[in-house]
Amino acid sequence: MTNNVLSLKYISEYKDEYLRELKSYLAKELDYCNHNSNGYSKLTIEYIKEILANLPEKNGEDVDNDYVCGYTKRDLKYNNFIEAYRLIKYQYSKYSNRYFSLVEGVYASIILEILKQKKTKVRNVLDCGCGPSRLAYELSIFYQDACFDLLDFSYINLFFANKILKQEGCFLIPSKSFGSDDIEHIEIATKSVDKLNSYIFNLDDLSVDTFDYKFDIITASHSVNLLSDPLKTVNIMVKMLNKGGILVIADLLGWKENRDMSRRVFYNREAFFEKISAISGVTVLHKESGGPYCEEVNAERYDLYTNHFIVLQREV
């Protein structure tokens, strides 16, 4: 991977459809930006042009055939600049010129629990549904010799994760999606992680054979609950760990409210902890609920919109 260009890696009949949908969205977004002069548009045009310049034209020899990518319509929202900017602003405010943090109740707690438990040498880290990958950003500070693999369905999220994790200096995003010409830009302090691989990937397709090696740390922050069969995927993640390896799962149960009950495996806090704790071959090291996600004060919705996370260790 050179010049922060993101490689597309998958072997799937869905690849061409994925690229068509992505290019269609980018064309519409570029049209909007060209007809609306504001801080959002000026910056986004630069990123769109960079993405388009590096996308493959078709399914062929110009694409590395390494990993599987599935495609469904419900995932379109994640290939979206507004969503990506929101995630970056939310996750990286601590490392921006704004000098305040929005999510330390979630991310700092996760990192602290990993560091408390994983004091031995870490060689391989996997971030599942990474988004802009604040967890890889943090963990690379402490495990400088580790290799980080990032999985996400959104090319745009991975594009920005690489911008933040693989370049020196600072990275800019608009502070608001729409508005006047004087939209403020947020500056994010970037890093230069030596060993970083990014893959377009649908976590519904995860298997123990996705990689030919195992991991010392696997993280899944706000991604498992979006899957078709969350518990099945968590069991697979456990099997992808080295003995003694750490798996951290953090999620919001509220995302399930408008879904079929068959997909609402973790329908409340107790079910989330109970079902994951019952997985064979692991020890529960820590579990807690809390974070900046409570939108209403009644007991039911407090549970739904509070962040819950659990730390597992594969038994030796």
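Observations, loosely collected:
- Scanning the stretch 31-42 for residues being surrounded by fewer than 17 Cβ atoms within 10 Å (Cβ to Cβ) and assigned to a helix (DSSP H, G or I) gives a total of 5.
- Residues of the stretch 97-138 that are hydroxyl-bearing (Ser, Thr, Tyr) and surrounded by fewer than 21 Cβ atoms within 10 Å (Cβ to Cβ): Tyr99, Ser101, Ser109, Thr120.
- Selection within the stretch 37-62 - of a type in the set (S, T, N, Q), modelled with pLDDT of 90 or more and more than 14 Å from Asn80 (Cβ to Cβ): Ser41
- Some residue of the stretch 20-28 being outside any helix (DSSP H, G or I) and modelled with pLDDT of 55 or more: no
- Scanning the stretch 182-241 for residues that are within 16 Å of the chain's Cα centre (by Cα), surrounded by fewer than 18 Cβ atoms within 10 Å (Cβ to Cβ) and modelled with pLDDT of 90 or more returns a single hit, Asn197.
- Here Phe148 meets the list (1) assigned to a helix (DSSP H, G or I); (2) of a type in the set (Phe, Trp, Tyr); (3) closer than 19 Å to Phe201 by Cβ almost entirely, failing just condition (1).
- Qualifying residues in the stretch 82-96 (those that are touching a residue at least 40 places away in the same chain (Cβ under 8 Å) and of a type in the set (Phe, Trp, Tyr)) - the one surrounded by the fewest Cβ atoms within 10 Å (Cβ to Cβ): Tyr95
- Scanning the stretch 106-120 for residues that are assigned to a loop (DSSP other than H, G, I, E, B) and touching a strand residue (DSSP E or B) at 6+ places or on another chain (Cβ under 8 Å) yields Lys118, Thr120.
- Within the stretch 103-129, the set of residues being modelled with pLDDT of 95 or more and under 21 Å from Tyr90 (Cα atoms) comprises Asp127, Cys128.
Table: residues versus (1) more than 13 Å from the chain's Cα centre (by Cα); (2) more than 23 Å from Tyr213 (Cα to Cα); (3) not basic (Lys, Arg).
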residue: Tyr99; (1), (2), (3): yes, yes, yes
residue: Val122; (1), (2), (3): yes, no, yes
residue: Leu139; (1), (2), (3): yes, no, yes
residue: Leu150; (1), (2), (3): no, no, yes
residue: Ser154; (1), (2), (3): no, yes, yes
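- Taken over the stretch 196-210, the criterion of being more than 21 Å from Leu165 (Cβ to Cβ) and either in contact with a Leu (Cβ under 6 Å, 6 or more places away or on another chain) or assigned to a helix (DSSP H, G or I) (or both) is satisfied by Asp204, Asp205.
- Test: residue in the stretch 291-314 that is among the aromatic types (Phe, Trp, Tyr), buried (at least 17 other Cβ atoms within 10 Å of the Cβ), at pLDDT 95 or above and in a strand (DSSP E or B): no
The values are calculated or read from the model by the stated rules, or taken from the named source; none is laboratory data. Remember, predicted model here, so these are calculated numbers, not experimental data. No Cβ is skipped: glycine too gets one built from the backbone with ideal geometry, and neighbour counts run over all protein chains shown.
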